[in-house]
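Asks: Okay, handing you the structure first.
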Amino acid sequence: MPEPRGLEDVGFREAVVDLDAITANVRALRELTGTEHFIAVVKANGYGHGAVPAARAALAGGADWLGVAVIGEALELRAAGIDAPILTWLHDPQESFEDALAADVSIGVSRLEQLAAAADAAERAGRPASVQLKLDTGLSRNGLPRPEWDAAFQRAAQLEAAGRIRVAGLFTHLSNASLQDDVDCLDLFDEGVAAARAAGLAPELVHAAASAAAVGQPDARYNCVRIGLAIYGMSPLQQPAAARALGLRPAMTLRGRVANVKRVPAGTAVSYDYTYRTERETTLALVPFGYGDGIPRAASNRGPVWIAGGVHRVAGRVAMDQFVVDVGDSEVAVGDPVVLFGDERDGFPPVEDWAEASGTINWEIVTRVAGRTALRYVGGGDG
Ligand SMILES: Cc1ncc(COP(=O)(O)O)c(C=O)c1O
């Protein structure tokens, strides 16, 4: 089998992030959704891809806002010189919002106390705070609960009239439990938006759709989408083909080099607890990734790995730093490239196969890649 391209220069343990893919994915999603605004979600270190480079690449593709969970993540983007509008939505209960205001970060409000704190910070700073009211329409996580909406809208309108806040947006987040569940949430959200407008609010941004709804539910798009997973080229349906059909390509390739090779007889036990024994004489290749590098231990005896022109399975337990692959009679040498996941069109396992092998979702697999794994960027992000 011919070796897929791009393996001449593989590091010991690296995640290659194609910034042009992120730029092109945002461009494709922008075209698909057609919304006036596009929030690229780069929380959790840009889903493991690196928040600052991912943000720059997404802005180059036409995102006009960035979304992160916590204010510290927004400050990291500002410190890197990124001046695009940023929304944050998960706050320390002690948060005073002074840093957010100083850095011109829009504050997602999920509790009435946060509205008051943002207004107080604005009073001290002498300029209004940008806030976006998050409405809980079903997830029961963050967001203002339904019984508090009217009070929040009225209070927000008063604070806006007093020049202490500007309500830049109204938003909600969906469960993806089923199409009907999301329709029910959107109906409730519509009521909330209407009530907010009746209270005198005029938000520039109205948004509900993350990747799944942005792609699959046009009614959820309003005038803004808030997309994470899909900008990195993955499908919320856990189907690579669904992402490719939208013109998305995976931005991350996780790869390294074989650290050791052994030819062993039949009956050889492998890794902790001896959960794997070779059935015949075979070759074992040692791969330098473990759960300390985000590889789920749940993928023991299951995870797929490209080595020597073919895809083989993890043999035995994934340990903290390493795991073993039984490659049979394939010719493998120490230092040969291995690819844990990448673009399946190049013959590599897609990240979704690791998700399936681990009983989880593609979001989690890429986001766990961090720490000792070098992030190596290709493409310029202006794609
Ligand atoms: C509030 C909010 N909006 C948007 C997103 C992006 O979601 P996705 O990665 O499914 O596009 C998330 C991610 O969890 C989120 O918490």
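The values are calculated or read from the model by the stated rules, or taken from the named source; none is laboratory data. Predicted model, so just to flag it, every value in this text is computed and none were measured. Virtual Cβ from ideal backbone geometry, glycine too; neighbours counted across all protein chains shown. Heavy atoms of the whole protein, side chains included, go into the accessibility calculation; ligands, DNA and RNA do not. Shrake-Rupley method; radii C 1.70, N 1.55, O 1.52, S 1.80 Å.
Asks: Taking the stated definitions as given, is A370 over 24 Å from the mean Cα position of the chain (by Cα), part of a loop (DSSP other than H, G, I, E, B) and over 14 Å from L284 (Cα atoms)? It would help to see each step written out before you state the result.
Replies: Working: over 24 Å from the mean Cα position of the chain (by Cα): no; part of a loop (DSSP other than H, G, I, E, B): yes; over 14 Å from L284 (Cα atoms): yes.
Taking the combined requirement at face value, the residue does not satisfy it.
Asks: Do we find that L205 is modelled with pLDDT of 95 or more, under 25 Å from G62 (Cα atoms) and either open to solvent by 10 Å² or more (accessible area, probe 1.4 Å) or not charged (D, E, K, R) (or both) in this structure? Talk me through it step by step, then tell me what you get.
Replies: Working: modelled with pLDDT of 95 or more: yes; under 25 Å from G62 (Cα atoms): yes; either open to solvent by 10 Å² or more (accessible area, probe 1.4 Å) or not charged (D, E, K, R) (or both): yes.
Spelling it out, L205 is indeed modelled with pLDDT of 95 or more, under 25 Å from G62 (Cα atoms) and either open to solvent by 10 Å² or more (accessible area, probe 1.4 Å) or not charged (D, E, K, R) (or both).
Asks: Now for a different question. So which residues in segment 151-195 are under 21 Å from S106 (Cβ atoms), open to solvent by less than 30 Å² (accessible area, probe 1.4 Å) and in contact with a helix residue (DSSP H, G or I) (Cβ under 7 Å, 6 or more places away or on another chain)?
Replies: Those that are under 21 Å from S106 (Cβ atoms), open to solvent by less than 30 Å² (accessible area, probe 1.4 Å) and in contact with a helix residue (DSSP H, G or I) (Cβ under 7 Å, 6 or more places away or on another chain): A152, F153, A156, L159, I165, V167, L170, T172, L174, G192.
Asks: Still on this structure: For D18, which of the numbered conditions (1) in contact with a Leu (Cβ under 9 Å, 6 or more places away or on another chain); (2) open to solvent by 10 Å² or more (accessible area, probe 1.4 Å); (3) farther than 14 Å from I86 by Cα fails to hold?
Replies: (1)
Asks: Something else now. When you look at R317, is it over 25 Å from P236 (Cα atoms), within 20 Å of the chain's Cα centre (by Cα) and in a loop (DSSP other than H, G, I, E, B), yes or no? Steps first, answer last, please.
Replies: Working: over 25 Å from P236 (Cα atoms): yes; within 20 Å of the chain's Cα centre (by Cα): no; in a loop (DSSP other than H, G, I, E, B): yes.
So R317 fails the test.
Asks: Would you please name the residue that is nearest to the chain's Cα centre (by Cα), looking only at residues in segment 188-225 that are within 25 Å of L29 (Cβ to Cβ) and charged (D, E, K, R)?
Replies: Taking segment 188-225 as the starting set, the residues that turn out to be within 25 Å of L29 (Cβ to Cβ) are 189-190, 193, 203-225.
Applying the additional criterion that residues be charged (D, E, K, R) yields 190, 204, 219, 221.
Working: D190: 27, E204: 25, D219: 23, R221: 19 Å.
My answer is R221.
Asks: Follow-up question, since we're still on this one. Just to be sure before I move on: is L229 over 27 Å from E123 (Cα atoms), within 14 Å of the ligand (Cβ to nearest atom) and open to solvent by 40 Å² or more (accessible area, probe 1.4 Å) in the structure I sent? Lay out the reasoning, then the answer.
Replies: Values: over 27 Å from E123 (Cα atoms): yes; within 14 Å of the ligand (Cβ to nearest atom): yes; open to solvent by 40 Å² or more (accessible area, probe 1.4 Å): no.
Answer is no for this residue.
Asks: What tally of residues in segment 239-252 results from selecting those that are open to solvent by 30 Å² or more (accessible area, probe 1.4 Å) and either in contact with a Cys (Cβ under 6 Å, 6 or more places away or on another chain) or touching a residue at least 12 places away in the same chain (Cβ under 8 Å) (or both)? Break it down stepwise before answering.
Replies: So the first thing to find is which residues in segment 239-252 are open to solvent by 30 Å² or more (accessible area, probe 1.4 Å), and the list is 239, 241, 244-247, 249.
Checking the rest, the ones that are also either in contact with a Cys (Cβ under 6 Å, 6 or more places away or on another chain) or touching a residue at least 12 places away in the same chain (Cβ under 8 Å) (or both) come to 239, 244, 246-247, 249.
Going through segment 239-252 one residue at a time, the tally reaches 5.
Asks: Then there is this: Quick check: anything in segment 3-19 closer than 18 Å to P250 by Cβ and within 12 Å of the ligand (Cβ to nearest atom)?
Replies: First, the residues of segment 3-19 that are closer than 18 Å to P250 by Cβ: 4-7, 10, 14-19.
Next cut, within 12 Å of the ligand (Cβ to nearest atom) only: none.
Checking segment 3-19: not a single residue is closer than 18 Å to P250 by Cβ and within 12 Å of the ligand (Cβ to nearest atom).
Asks: Also, quick follow-up: Which one of the conditions (1) within 14 Å of the ligand (Cβ to nearest atom); (2) touching a Lys or Arg at 6+ places or on another chain (Cβ under 8 Å); (3) over 21 Å from V52 (Cβ atoms) does W89 fail to meet, given that it meets all the rest?
Replies: Here W89 clears every test but (3).
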